[in-house]
Structure formats: C-alpha cells, structure tokens
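This report concerns only the one structure given below.
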Amino acid sequence: MNVLVTGGAGYIGSVTVELLAKSGHKAVVIDNLSEGHKNAVPERHTLITADIADGEKLDAVFTANKIDAVMHFAAHCYVGESVKNPAKYYDNNVIAGLKLLNGCVRHKVEKFIFSSSCATYGIPEKIPITEEEKQIPVNPYGETKLAFEKALKRYSAAYGIKYSILRYFNAAGAAEKLGEDHRPETHLIPLILGCAMGKREKVEIFGTDYSTPDGTCIRDYIHVSDIARAHILAMESDFSDCYNLGNGSGYSVKEVIKAAEKVTGKKIKTAATGRREGDPPILIGDSKKISEKLAWKPAFASIEKIISSAWKWHRKNPEGYKE
Ligand code: UDP
C-alpha cells in the first residue's frame with residue numbers, strides 16, 4: 001500500500017516507516033520537523049517537510065502519491081506541557097488533525113491509523129485497563145486524543161473511511177538505528193539513561209506519595225518496534241476497531257530506575273520532587289483484544305530488554321540525531 005505517515009520523522013513514526021518498507025509497503029513521510037529529525041528518515045523514503053494543516057500541500061501529496069492509507073503520528077505528546085499550554089495541544093492534535101482527516105475524505109483514503117493514548121482513560125476504575133473502560137481524560141493531552149478518536153469514528157460512519165485506533169501505553173526502547181530524541185527530553189527512560197551517561201546529574205521522581213506499593217507512579221512500558229508492528233497489522237486488517245497497546249505489566253518509577261541501573265551498571269542519582277500535574281497513579285494496559293484480533297504479540301516483553309535496546313542506541317548516539 002502507499003502509506004502517508006504524518007510525523008514520520010519522529011520517534012515512533014520513523015521506526016514504523018522502516019518497518020513499512022520492510023513489509024513491502026511504500027511510505028511517504030510528511031513532517032514539519034518541529035519535533036522530528038530529518039536524519040531519522042533515510043533518503044530512500046520520501047520526506048515532505050510540511051504541516052498537515054496546509055490543505056493545499058496535502059492535496060498535492062495525496063494526488064501525487066496515490067495514498068491508500070494514512071498513519072497519523074504527528075502530534076504533541078507531553079502531559080505536563082498540555083496542562084500549561086492547552087491551546088498548543090488543541091490546535092495541533094485536534095484542529096490540524098481534522099484538516100488531515102478532511103483531506104483523507106477528499107482523496108478517498110481507505111484506511112486511517114490513529115496514534116491514540118492510554119491518557120484517554122484518565123483514572124481508570126479497573127486495572128489492567130481494557131478497551132471497555134470509560135474514557136474520562138484528566139489532562140488536555142488525553143482530551144485532544146479522545147476528541148480526535150470521536151471525530152474519526154463519526155467520519156468513518158458518515159464517509160466510509162476505515163480506521164484503527166491504537167491506544168499506546170508508554171512507548172520506550174529503540175530500534176537499531178532509530179531511537180528517542182526529544183528536545184527538551186521529558187520522558188523517564190531517556191532521562192535516566194542521560195544520567196547513566198553522565199549527561200545529567202540526577203533524575204527527579206515526580207511524586208512519592210501515590211497509592212502504589214512504593215509511592216511512585218506505575219506505567220506499562222512498550223517497545224517502539226512492537227508499536228510499529230501493530231500499525232502494520234492494523235493497516236492490513238480490513239475492519240475498523242480500537243486497541244490497547246501495552247505489555248500488561250506495570251513498573252513504578254523507582255522500579256524503572258532500578259532496572260536501568262541493572263542494565264547500565266551505573267548508579268542513578270535521584271531527587272524526589274512533587275507530583276507532576278495530570279499524572280494518573282497507575283496505567284497498565286490489557287492488550288488481549290489486539291492479540292486475538294490481529295495476532296499481535298510483543299517481542300520485547302521485559303523492561304530490561306526495552307531499556308537495554310534504548311541504552312545501546314543512546315550510547316551509539318550520545319547527542320541524539322545529528323542535525
Ligand atoms: N517521571 C518522573 N520523572 C521524570 C519524568 C517522568 O518521575 O523526570 C514519571 C512520570 O510522572 C510518569 C512516568 O515517569 O509517572 C512516565 O513518564 P513519561 O513522561 O516518561 O511518560 P508519560 O507517562 O507522561 O507518557
């Protein structure tokens with residue numbers, strides 16, 4: 001299939017682009033490079049540096065490349081920032097997203113794969129979280145992802161475009177040549193590895209008074225290559241549905257730090273600070289549905305394996321992608 005990958009120069013998008021090519025599909029990347037990296041898209045793939053809100057540009061891209069499916073990764077994704085600057089999140093994740101979706105309808109795109117998030121569940125009633133859980137987000141990031149999910153379902157019913165909604169838990173790890181390089185970095189695992197490499201002095205622990213066994217937040221970490229594979233399976237299916245994407249086991253912030261110390265052999269200095277606004281205490285995903293319906297199974301089920309892949313990439317690329 002000819003697949004338009006928005007945000008294909010970003011962390012999860014770039015790993016998916018590589019896998020699309022390996023799976024016999026053609027990826028066309030559109031990325032405004034506000035957060036993505038040109039060097040994360042090897043030259044054999046088409047990279048169009050443009051914004052998905054640019055309707056005219058989109059029309060030209062759809063027409064020139066005969067796009068069959070769209071994978072939509074381009075979005076802002078920081079919970080904390082979304083609380084401080086919701087306008088930025090609604091503007092990009094909802095308004096620009098809808099412009100893309102309108103383009104898909106104009107050009108009769110068959111399938112739309114959407115990067116959604118466990119943040120749409122808010123504070124869940126049951127752990128592990130199934131797709132049946134109520135979606136009541138507790139931060140603007142989750143709200144924008146949910147707003148787009150709802151629009152996508154309505155568009156599908158009205159205009160016939162098929163969809164797969166993938167609600168990721170915490171993406172982590174690296175592929176051989178592609179890894180996590182956010183500027184500024186806010187994600188736990190790369191921050192810890194930055195400390196292990198001596199680039200940072202310490203890791204702040206956001207909250208030690210949660211109702212969890214060690215008082216720190218628990219998350220379900222899932223390898224970026226496992227997420228990428230789920231996108232291909234979802235695109236190749238011919239029905240619409242939404243799926244959780246997690247490993248089904250949770251690790252507290254302190255447990256992740258301990259696992260990273262084991263993998264790297266370095267002691268990580270920490271400092272307990274206050275809670276980060278918008279953080280639910282525990283998020284663990286039940287991914288039975290995608291295993292049963294699309295035969296997806298994570299290859300990286302252990303936190304050590306996930307951290308170890310990231311550690312390899314960070315050591316090879318201590319400054320991240322060269323610009
Ligand atoms: N976290 C932390 N210190 C940091 C960054 C993150 O304690 O410097 C915590 C954060 O509160 C959350 C978990 O680590 O409970 C994972 O956060 P991250 O930002 O990596 O992903 P998110 O859960 O926001 O998608």
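For the chain, what percent of Cα pairs sit more than 24 Å apart? Don't jump to the answer; show the numbers that get you there.
Working: 26788 of 52003 pairs.
Looking at the chain, the distances longer than 24 Å represent 52 percent of pairs.
Run lengths n ≥ 4 of DSSP H only: what is the helix-derived mean residue ellipticity at 222 nm for the chain, with -39500 (n - 2.57) per run over all residues, to the nearest 500? It would help to have the intermediate numbers written out before the result.
On the way: 11 runs with 118 residues, N = 323.
Computed mean residue ellipticity for the chain: -11000 deg cm²/dmol.
With +1 on the Cβ of every Lys and Arg and -1 on the Cβ of every Asp and Glu, and nothing else charged, how large is the dipole of segment 140-272 about its Cα centre, in debye rounded to the nearest 20? Could the numbers behind the result be given before it?
Values: 19 positive and 17 negative charges, 53 e Å.
The calculated dipole for segment 140-272 is roughly 260 debye.
Heavy atoms only, probe 1.4 Å: what % of the accessible area of segment 79-171 goes to carbon and sulfur, would you let me know? Walk me through the numbers before you get to the answer.
Details: 2190 of 4120 Å².
Summing carbon and sulfur atoms, their accessible area is 53 percent of the total for segment 79-171.
In terms of Cα to Cα distance under 20 Å, which lysines are near enough to LYS288, apart from those fewer than 8 places away along the same chain?
In chain and number order, the partners are LYS126, LYS134, LYS297.
Summarise the accessible area of segment 228-288 (1.4 Å probe, protein heavy atoms) by the percent that is carbon and sulfur.
Details: 1360 of 2730 Å².
Ligands and nucleic acids excluded, carbon and sulfur reach 50 percent.
Give the aspartates and glutamates reachable from LYS199 as a straight Cα distance under 20 Å; neighbours fewer than 8 places away on the same chain don't count.
Output for LYS199: GLU180, ASP181, GLU185, GLU261, GLU319, GLU323.
Relative to the longest principal axis of the chain, what angle (0 to 90°, nearest 10) does the C-alpha long axis of helix 224-236 take?
20 degrees
Which order do peptides 156-168, 249-261 fall in by mean Cβ count within 10 Å, highest first? Working shown, then result.
Numbers: 156-168: 18.6, 249-261: 20.4.
In decreasing order of mean packing, 156-168, 249-261 become 249-261, 156-168.
Charges only on Cβ, +1 for Lys and Arg, -1 for Asp and Glu: so what's the dipole of segment 169-213 about the Cα centre, in debye to the nearest 20? Let's see the in-between values first.
Numbers: 5 positive and 7 negative charges, 27 e Å.
The dipole magnitude comes to about 120 debye.
Helix 97-106 versus the longest principal axis of the chain: what angle, 0 to 90°, nearest 10, using Cα atoms?
That works out to roughly 30 degrees.
Sort out for me the Cα centre separation of segment 209-276 from segment 50-128, rounded to whole Å.
Spelled out, the Cα-based centre of one part sits 23 Å from the other.
Taking a cut-off of 21 Å between Cα atoms, list the lysines near LYS99, but don't count ones fewer than 8 places away on the same chain.
The reachable lysines, counting only those whose Cα sits under 21 Å from LYS99, are LYS57, LYS66, LYS88, LYS108, LYS111, LYS145, LYS150, LYS153, LYS162.
Points 7 angstrom from Cα along the Cβ direction at ALA299 and LYS267: gap in nanometres?
According to this spin-label approximation, the distance is 3.7 nm.
Can you give me the accessible area per residue for the chain, using a 1.4 Å probe, in Å²?
Values: 14270 Å² over 323 residues.
Per-residue accessible area for the chain comes out at 44 Å².
Long-range amide H contacts for THR270: which residues qualify at under 5 Å (H placed 1.01 Å from N, peptide plane, sequence gap of 5 or more or a different chain)?
Hits under the 5 Å cutoff: VAL203.
The values are calculated or read from the model by the stated rules, or taken from the named source; none is laboratory data. These numbers were taken from a predicted model, which means no experiment stands behind them. Neighbour counts run over all protein chains shown; Cβ positions are idealised from the backbone, glycine included. What goes into the accessible areas is simple: the full protein's heavy atoms, side chains included, and nothing from ligands, DNA or RNA. Shrake-Rupley method; radii C 1.70, N 1.55, O 1.52, S 1.80 Å.
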